[in-house]
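Below is one structure; the comments refer to it alone.
Each reported figure results from applying straightforward, stated rules to the coordinates on display, with no laboratory input. The structure displayed is predicted, hence computed values, not measured ones. Every residue, glycine as well, gets a Cβ built from its backbone with ideal geometry; the counts of neighbours run over all protein chains shown.
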Amino acid sequence: MCIRRSDVLINMPSGSAIGFRGNPKMVTGWHVLKVEGYSRTKGLSGNGIKSSTFTVGGHRWYIRYFPGGFGSRSSDWVGVDLNLQHPADSGNVLTRFKFSIVDQAGEKVYPPYNLIDERILEIIRTFSSKTVSQGKACFIARRELESSYLKDDSFKIRCDVTVIKEIHAVDTTVEPVTVPPPDLHRHLGDLLNSQVGGDIVFEVDGQLFTAHRYVLAARSSVFMAELFGPLKEKTASHVRIDDMKAMVFKAMLHFIYTDFLPDMEEDEKTVMSQHLLVAADRYNLERLKLICEDILRKRINTDIVATTLVLAEQHSCFGLKNECFKFLMSPGNLKTVMESDSYQYLKNSCPSLLDEMITKIAP
């Protein structure tokens, strides 16, 4: 018997439903297509069977049902697709859609949305005059459809369509905020200069310096032990420091609070760096010690090389020590130093260092 497409009861008024929901930017609608007499459609192939049209987002749509799939490779499947009617009048239509099987109560039963995120199954396409048909899908295996979803030789396909009416590009660039450089050092420097909250006074070379024991302890393990350890300074509010010049202690305090050396004249930088190196080693201020060592390495000359070499030896500045030796390897430099008073200072302060120097620079 020859089956005509018009003999298959598809999308009759009693088996159709259209619904809408939306917002100003997109409109969503759905259409339910009831396929009655499924067994009579199994032999049909070709361009599929069209549903009646429905409107979503101001555009006319229809579904095509392919009972034999889309060809020999999908003949065991039931296929569906979505089509735009009169595409030449519509321009480009951005659409999101998906297909489902619904039961008699209109509830979606396939695909199993309780196991799969419904959004994964959505198809996003742009319809135009060149692409009137989109979203061809081998929707469901015929065996599964017949065993699980047919009722009285019929089933219902629901197509949810969302038309995205407007797309506005939103500039998500975040305007950079101009962040000022760190200024903790400035605030701590102001705290030192103002003496506000000071809880300890140091007497150095006849001058008094007010400071904050917690700041000192945080920066120096030696101050931590002296001010909070089992030493007499733990409870003392007045501490005397010998063997250090007041200007050196003041410069060291400035560094402790600000992490920078204070401004100083160029001609006093070398001598101050020598004194600060000794102070830094005494209070375990490693960064200050390295800064002073670097300054002295760049300023080695015949006037200071001997005293600098002694400092390097006494305070374990091995890099500075090697730079002094390299400087003395020049015969002219060595001759000038040996004729100076600083050479005698070197002999008296570190005789073993003199022997090491001779060994290193001897030809």
Practice task
Mind sorting ARG158, ARG40 by how few other Cβ atoms lie within 10 Å of their own Cβ, fewest first?
Solution key: ARG40, ARG158
Practice task
With label points built 7 Å along Cα→Cβ from the Cα atoms of ASP103 and ALA236, find their separation and express it in nm.
Solution key: 8.9 nm
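If I stretch the segment between GLN344 and ARG282 completely, what's the gain in nm (0.36 nm per residue apart, minus their alpha carbon distance), one decimal?
Values: separation 62, 0.36 × 62 = 22.32 nm, distance 2.59 nm.
Going from the current span to full extension adds 19.7 nm.
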Problem - For the range 177-290, convex hull volume per residue from C-alpha positions, Å³ - result: 130 Å³
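Just rank LYS156, LYS347, fewest to most, by other beta-carbon atoms within 10 angstrom.
Values: LYS156 21, LYS347 13.
So the residues, fewest neighbours to most, are LYS347, LYS156.
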Practice task
Could you give me the radius of gyration and the Dmax of the range 31-84, taking only the C-alpha atoms into account and expressing both in angstrom?
Solution key: 12.1, 36
Practice task
Summarise the long-distance tail of P(r) for the range 225-275 by giving the % of C-alpha pairs beyond 16 Å.
Solution key: 54 percent
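Dipole size in debye (nearest 20) for the range 175-294 around its Cα centre, Lys and Arg Cβ +1, Asp and Glu Cβ -1? Can you show the working numbers first?
Numbers: 12 positive and 20 negative charges, 117 e Å.
Magnitude of the dipole: close to 560 debye.
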Completion exercise
Too long for a 28 Å Cα-Cα cut-off, among LYS42/LYS165; LYS250/LYS326; LYS269/LYS347, are LYS42/LYS165; LYS250/LYS326
Exercise for the section: May I ask you to list the residues of the range 72-86 whose amide nitrogen lies under 12 Å from a point 7 Å from Cα along the Cα→beta-carbon direction of ILE123? Expected result: 79-84
